[in-house]
Structures are given as structure tokens and as C-alpha cells.
Amino acid sequence: MRVAVFSTKPHDERFLIAANQDGRHELLFLDARLSPPMVAAAAGADVVCAFVNDDLGAEVLTELAALGIRLVALRSAGFNHVDLLAAKERGIAVARVPEYSPHAIAEHTAALILSLNRKIHRAYARVREGNFSLEGLMGFDLHGCTVGAIGTGKIGRAFLGIMRGFGCDLVAYDLFPNAEVEAMGARYVDLQSLLAQSDIISLHCPLTPETFHLINTDAIAAMRKGAMLVNTSRGAVIDTSAAIGGLKSGQLGSLALDVYEEEGDLFFENLSDQVIQDDVFARLLTFPNVLITGHQAFFTEDALRAIAEMTIANISAFERDGAPLHAVSSEQFA
Ligand code: NAD
């Protein structure tokens, strides 16, 4: 099939070419992010292959359908950026990669916690400047502290397993409790109890209408004073302005983000020569107790290989059977 690959970075090209080694599909690599003005670049293709910040709203889907696109193959697990109902109405199937490496994201979450707690980001810069003062670098023992995971799917479970290894007490909140999590020694509690009990709160739920701004001013007020909040799920699960308020008052002790609600205009690009226009994001960058990475939790060799292989497998199954291996439909997730 002819596949227009949007938001292509060199690593996408390398892993997709390797996964398509028999040359079964014709891959057209495009740097551009998919958006209304860029839809025309998909002309002549059967499939659009997209990433997390591509626009797959109703307007884009209408134009893709007019171009004859029959499948959107996401190179991601999350699909909150796709209007599934609009896709269905326009006869476009949507595929995703539901599981590639939960360990990649869970391990990055642990890396953020360790760095933020022990101020590695500040220590690194100081030592390079010949400043060996320890002032402001004090952390706390992870051993014995309470870690709360919101969402205990594949990534939440892998994350709790890691934190158990540090000797943390584990609490969890999910709409669907999982026996494997309880067998690890984690206790399921309601959301308010998790917020009240946790020294570290880590978000591993998808972005849905229910989880949009789940962490808002009220939720932050319900946390332990000085709690650490970590988000490697999707940016809009946190109301960023509320988090800034919590950081200013000291109610929120520290914040680690791999995702940000307005990341689409920032992440994955080198903007180091430009003035950042997003004042909320710019404010976040001023806090010494905020650590941000640009949506890189998935970014391991193992994960990229698995994403590329499943993306090609989805496209091959669609060509062969008329349905991808991992379809996402509006009914499934209504
Ligand atoms: P998953 O589907 O295995 O697990 C998600 C869990 O969240 C499920 O157990 C579900 O019941 C729970 N959940 C759903 N709605 C909830 C709610 N309202 N309250 C509490 N729990 C709720 O998904 P996963 O593979 O573990 O991935 C989790 C999320 O991580 C994805 O949706 C995606 O947004 C994000 N993610 C981020 C990166 C990254 O690079 N930063 C990479 C992959 C995935």
C-alpha cells in the first residue's frame, strides 16, 4: 500500500524501513505535522501513518477521505487526538500500537522521579560550572515513602513494579482494579485517598473526557503538602495553570512532566533559536523544582522497533483482510 508517513523524524524512517524490509509497502516520508494545510501531501496514498501531535480531527479526516485514504495507522498507543466517530462516518479505519514497551515509559517515569528528588538536573549544571555546593540539593529516601499510581494498565503496573523495588508503599486508583497489582502489594483506594496518602503521584491513565484536568486546583489541594506529581501519560490530564498555582504556594512540592497539554506547538522540534510564545510553559521552566522532558518516555530502541513492526503489521493486515490487527473504534471506547 502507499503510505504517507507524517511527522517523520530520522528514527521513524530508519525503523519503518527496517520493518518494511520486503518492500511490501511504499513509504512516503513527510517531515510535516498533519494539519488542515498539510493534508494535500497525502494525495495518492491509501494510508496515513501519524504520531501523537498530528491533527486527526473531523476537518482533516473529511479531507483525507476525499483523497481516498482508507486507514490511519497510528504509531502510538494513545488515540485521544483522533475523532473516532468522524473517522467511522467517513469510512476510515484507525489502527494503533496498543503495547510496545510499557517498560520504556515506566523506566523514564522512575528516571524523572530520581532526578527530581535528588536534583540531578541542578547538580549536573552546577558541577560543570565548578560549583560543588550542596545547598538546595537535598532529597528524601524513596524507601518507605508512599507512591500512588493513577491508572494501573500496562505502564502503571510496570511502574509500580519498579517502585516496589525501591521499597515504597504502593497505592493505586483505577476504574478497573487489577489482581496483578494487588499481588504486588499495592492497595487500591479511591482517588481522594490516593491524593491524600501519596508522597509521589504518577499519572498512567489515558486522556479521556473523564480524565481531562483530573489534576486540577481541588485535586492539588487534596494532596499531601509538598507532594511530587509526575505525568508521563497525556498533558491535559493536568490543568497546568492549577499546577503552577500549587508550585507557587508550595502545596505541590515538585513536578515532573514528559507531556504538556499544549505540547503540539513545542515538542519534537529544535526551537532553541526562537522565543517561546507559550507563557504558561515558559513559567514552568522558571521553577527549580520542575523537570520537563519533551515526550521522550517511549524513546528507546526496543520501543521504536516494536512500534515500527506493529505499524507495518497493522497496514499489512488491513491490505490482506480489510482490517488492521489493532483497530480503534468509536464503539470500543464510547
Ligand atoms: P492501558 O490501557 O494499558 O492502561 C490505562 C489504564 O487507565 C487502564 O487500566 C484504565 O482502566 C485506566 N483508566 C482509564 N480511565 C481512567 C480513569 N478515569 N481513572 C482512572 N483510571 C483510568 O494503557 P497504558 O499502555 O498503560 O498507557 C497509559 C497511557 O500512557 C496512554 O493512554 C498514553 O496516553 C500514555 N503513554 C505515554 C507515552 C509517552 O511517551 N509519554 C507512551 C505511551 C503511552
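Values quoted throughout were computed directly from the atomic coordinates according to the rules given, and no laboratory measurement underlies them. From a predicted model like this one, the values you see are computed outputs, not experimental measurements. Ideal geometry is used to build each Cβ from the backbone, glycine not excepted, and the neighbour counts take in all protein chains shown.
The sum of -39500 (n - 2.57) across all DSSP H runs of n ≥ 4, divided by the residue count of the chain, sets its helix-only mean residue ellipticity at 222 nm to -10000 deg cm²/dmol. Bridge orientation summary for the chain: considering DSSP beta bridges with both residues in this region, about 0 percent are antiparallel. Annotation for the range 20-69 versus the range 247-323: alpha-carbon center distance of 21 Å. The alpha carbons of the range 205-251 give a radius of gyration and a Dmax of 10.3, 29 Å, in that order. Scanning the chain for DSSP H helices at least 20 Å long along the axis (C-alpha atoms) with a Kyte-Doolittle mean no lower than 0.0 picks out 102-118. If you average 1/r over all unlike Cα pairs in the chain and invert the result, what Kirkwood radius do you get in angstrom? Final number for the Kirkwood radius of the chain is 21.1 Å. Between residue 321 and residue 175, the distance separating the two model label sites (each 7 Å from Cα on the Cα→Cβ line) works out to 2.6 nm.
Among 169-181, 51-63, 249-261, the peptide with the highest mean count of other Cβ atoms within 10 Å heads the list, and the full ranking is 249-261, 51-63, 169-181.
State log₁₀ I(q)/I(0) for the range 102-292 at q = 0.12, 0.13 Å⁻¹ as given by the Debye formula over alpha-carbon point scatterers of equal weight, solvent excluded. The Debye formula, applied to the Cα set alone, gives -0.57, -0.67. As a rough footprinting exposure proxy, the listed residues 223, 184 were ranked by other beta carbons within 10 Å of their own, and the order from fewest upward is 184, 223.
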